[in-house]
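The values are calculated or read from the model by the stated rules, or taken from the named source; none is laboratory data. Keep in mind the model is a prediction, meaning the values are calculated, not measured. Cβ placement follows ideal geometry from the backbone for every residue including glycine, while neighbour counts extend to all protein chains displayed.
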Amino acid sequence: MKLLFLILTVTVFLAQATRVMKCWNRSGRCRTTCKENEVFYILCDTHTKCCVNPKYVPVKPESSNINEILGSNSAV
């Protein structure tokens, strides 16, 4: 029982000691290297990158696709 209490105490202490820095509107995490399914677009500080899942990053359409989306087929 004492061993279980010790393990629980250490786990709670470590969970509080390792605070994760959030970035990208709290959808990303600051890390030195990103995971395989993450990308980075901005830096958190000099040593870490803001690793974000690509589904949370807005994608800007290309200029040629804007004409197709808007339905303007007029030739210049």
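Residues that are crowded, with 17+ Cβ neighbours inside 10 Å and modelled with pLDDT of 85 or more number at least 3 in the following strands (runs of 3 or more DSSP E) confined to segment 22-76: 28-31, 49-52. Beta carbons closer than 8 Å, at least 6 apart along the sequence or on distinct chains, pair a first residue in segment 20-41 that is closer than 9 Å to Asn53 by Cβ with a second that is among the basic types (Lys, Arg) for Gly28/Lys22. One residue stands out in segment 11-21 among those that are outside any helix (DSSP H, G or I) and aliphatic (A, V, I, L, M): the one that is modelled with the highest pLDDT, namely Met21.
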